[in-house]
Amino acid sequence: MAKRLVDHALDWGWDDQNGGFYDKGDVFNGRAYDTTKVWWTQAEGLNALLLMHVKHGGKTDRYWKAFRKQWAFIEAHMIDPVHGGWFMQTNREGTPIGDLRKATQWKANYHTGRALMNVATMLEAIEKAAPKGGE
């Protein structure tokens, strides 16, 4: 079921040009109508993409490619390069929009912290499992 949900998100809510998941879509036709990119969606998407790569990467590189594009978008646009922390949301191209504060009563940082800790753990396991040298 998790794979089906991630595949659906990639099919209908993924920005293949810039990376990142859109905020909202239509249930009936599947198309995204709100191309805003919200911090928690990007963090949870990063985690989900790498998890799908770990589980299904032997059959497809779809999740790994999307994971790399997702991280590139986050690093370039969601994380404040001057003061750290994640912007609440960006437009499709990655320009921060709306409330530029990085902490509010509605912005729970457990999404970003949990996602990044999970990703770090999975990447470490991937690195340890990789053949060394010319093996």
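The values are calculated or read from the model by the stated rules, or taken from the named source; none is laboratory data. As the structure is a prediction and not an experimental result, all values here were calculated from the model. Backbone-built Cβ (ideal geometry, glycine too); neighbour counts: all protein chains shown. Just so you know, the surface numbers come from the protein's heavy atoms only, side chains and all, with ligands and any DNA or RNA stripped out. Shrake-Rupley method; radii C 1.70, N 1.55, O 1.52, S 1.80 Å.
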Quiz item: How many angstrom lie between the C-alpha centres of segment 18-41 and segment 47-111?
Solution: 13
Quiz item: Which of the trypsin sites (Lys or Arg not before Pro) found in segment 97-135 are in a DSSP loop and have at most 14 neighbouring Cβ atoms, other than their own, within 10 Å?
Solution: 101, 132
Quiz item: Taking K and R as +1 and D and E as -1, what net charge do the other residues with C-beta under 12 Å from the C-beta of residue 92 add up to?
Solution: -4
Practice problem: Compute the Kirkwood hydrodynamic radius of the chain, taking the inverse of the mean of 1/r over all pairs of distinct Cα atoms, and give it in Å to one decimal. | Solution: 15.6
Quiz item: Spin-label point model (7 Å from Cα, Cβ direction): what's the residue 33 to residue 76 distance in nm?
Solution: 2.9
Practice problem: Give 69/128; 37/69; 3/59; 55/128; 37/107 a once-over and call out the pairs whose C-alpha atoms are over 18 Å from each other. | Solution: 69/128
Quiz item: Can you give the net charge of the other residues whose Cβ lies under 13 Å from the Cβ of residue 30, counting K and R as +1 and D and E as -1?
Solution: -1
Practice problem: Assign one of three labels to segment 89-135, namely rounded, prolate or oblate, based on the Cα gyration tensor with a ≥ b ≥ c the square roots of its eigenvalues; rounded applies when a/c is under 1.5, prolate when it is not and a/b is larger than b/c, and oblate otherwise. | Solution: oblate
Exercise. Among 91, 118, 29, determine the one that fluctuates most according to a GNM of the chain built with springs between C-alpha atoms less than 10 Å apart.
Key: 29
Quiz prompt | Fluctuation leader among 88, 117, 78 - the chain, Gaussian network, Cα springs under 10 angstrom | solution = 117
Quiz item: Measuring with a 1.4 Å probe in the full set of protein chains, what accessible area per residue, in whole Å², belongs to the chain?
Solution: 62
Quiz prompt | Integer Hz, Karplus 6.51/-1.76/1.60 couplings in order for segment 87-100, x for Gly and Pro | solution = 5, 5, 7, 10, 7, 4, 7, x, 7, x, 9, x, 5, 8
Quiz prompt | Under 13 Å, Cβ to Cβ, from residue 79 - net charge with Lys/Arg +1 and Asp/Glu -1 | solution = 0
Practice problem: Report ³J(HN,Hα) in whole Hz for each residue of segment 53-68, in order, from the Karplus equation J = 6.51 cos²θ - 1.76 cosθ + 1.60 where θ = phi - 60°; Gly and Pro get x. | Solution: 5, 4, 7, 10, x, x, 9, 7, 9, 4, 6, 5, 4, 5, 4, 5
Quiz item: Among 22, 63, 110, what's the order by accessible area (1.4 angstrom probe), most exposed first?
Solution: 110, 22, 63
